[in-house]
Amino acid sequence: MPEEPFDLVPVRSHPALLLKEKSKKTLVVADLHIGWEVSLAEEGVYIPSQTPKLLSRLIRIIEAYKPDCLLVLGDVKHAIAKIEMEEWRDVPNFFERVLRTVGEVKVILGNHDGNLEPLLPEGVEIISPRGLILGDVGLFHGHTWPHPEMMGCRSLVVGHVHPVVTFRDPMGFRITRRVWIRAKCKGRDLARLLLRRTGVRSRREPSEILKDLYKTELRVSHIVIMPSFNEFLGGQTVNRRKIGRESKFREFIGPVLRSGSVDLEEAEAYLLDGTFLGKVGQLRTLS
Ligand SMILES: [Mn+2]
């Protein structure tokens with residue numbers, strides 16, 4: 001990704017982000033979906049737990065970059081409301097092992113994280129889906145509106161979408177790759193909608209309301225959509241050709257991306273190794 005005015009660096013070849021705030025390094029990963037195999041078993045497909053692979057990949061990144069803190073950007077587990085048998089075992093084991101490698105672990109709740117609390121060992125901090133601010137970056141899962149204070153951050157970082165780009169060659173073969181998406185966002189429009197959803201009824205400029213009610217300067221200009229850390233998961237093809245009104249995609253991506261203030265057509269797509277693929281709108285002809 002291009003040089004940023006703030007410290008927001010994707011970890012090369014991994015779906016992870018390193019944030020530096022003063023001297024503190026935070027490693028961010030999104031969408032672990034521990035236990036997704038169980039949902040396949042319900043369909044009659046039985047594969048052994050893939051959690052050990054997920055864990056060893058994460059431990060390798062932690063050992064290489066030595067962050068002070070690990071932040072999981074939502075969807076730790078796969079089953080949405082209930083807890084599957086395997087999750088009773090896999091989720092606590094996963095976090096106990098992680099806690100032995102990195103001193104501080106935080107989890108921002110996603111839409112799959114119903115009843116997550118009893119599964120997390122002591123020492124893991126749970127953060128509301130309204131998000132967390134680190135320096136100039138506002139982080140939240142993306143299935144729901146974040147806290148209005150996030151509008152004071154230059155960049156927002158979300159998960160939830162599991163963005164992938166799909167290419168189809170003339171033979172009909174399909175290649176699908178996880179991608180980073182970086183989009184411009186109209187801060188004023190986004191702030192206006194967010195404030196309205198938060199219950200603020202006023203015709204005044206969103207920047208003034210933010211200043212008065214939240215002591216926040218409206219600054220948001222970019223949004224980064226993280227690839228899912230779990231490589232086995234299906235993703236949302238961001239460059240899918242438009243069919244009709246694309247209602248299904250729009251339903252899934254969450255209120256911020258759906259708000260009309262984020263320009264997805266002009267958004268940039270990058271492979272995990274940093275290769276710039278092009279703008280999402282241009283890539284549609286290839287899907
Ligand atoms: Mn999600």
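The values are calculated or read from the model by the stated rules, or taken from the named source; none is laboratory data. In this text the structure is predicted, and so the values were computed from the model without any measurement. Because the Cβ atoms are built from the backbone with ideal geometry, glycine has one as well, and the counts that use them run over all protein chains shown.
Computed values, structure above
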| read-out | value |
| --- | --- |
| Within segment 1-39, considering residues that are touching a helix residue (DSSP H, G or I) at 6+ places or on another chain (Cβ under 8 Å) and of a type in the set (Val, Ile, Thr), the one modelled with the highest pLDDT | Val29 |
| Residue, farthest from the ligand (Cβ to nearest atom), within segment 123-132, restricted to residues that are over 14 Å from Lys77 (Cβ atoms) and surrounded by fewer than 17 Cβ atoms within 10 Å (Cβ to Cβ) | Gly123 |
| Leu27 vs. criteria surrounded by 20 or more Cβ atoms within 10 Å (Cβ to Cβ), free of Cβ contacts under 8 Å to residues at least 60 places away in the same chain and in a strand (DSSP E or B) | no |
| Test set (1) out of contact with any strand residue (DSSP E or B) (no Cβ under 8 Å at 6 or more places or on another chain); (2) within 19 Å of Cys185 (Cα to Cα); (3) not small (Gly, Ala, Ser) - Asn115 fails condition number | (2) |
| Unique residue being free of Cβ contacts under 8 Å to residues at least 60 places away in the same chain, within 16 Å of the ligand (Cβ to nearest atom) and farther than 16 Å from His143 by Cα when the list is Leu116, Leu120, Leu99, Leu109 | Leu116 |
| Qualifying residue in segment 188-202 (condition: away from the ligand (no atom under 16 Å from the Cβ), in contact with a Lys or Arg (Cβ under 6 Å, 6 or more places away or on another chain) and aliphatic (A, V, I, L, M)) | no |
| When residues of segment 63-96 are limited to those that are surrounded by fewer than 16 Cβ atoms within 10 Å (Cβ to Cβ) and not in a helix (DSSP H, G or I), the one nearest to the ligand (Cβ to nearest atom) | Ile80 |
| All positions within segment 133-164 that are of a type in the set (A, V, I, L, M) and away from the ligand (no atom under 16 Å from the Cβ) | Ile133, Leu134, Val137, Met150, Met151 |
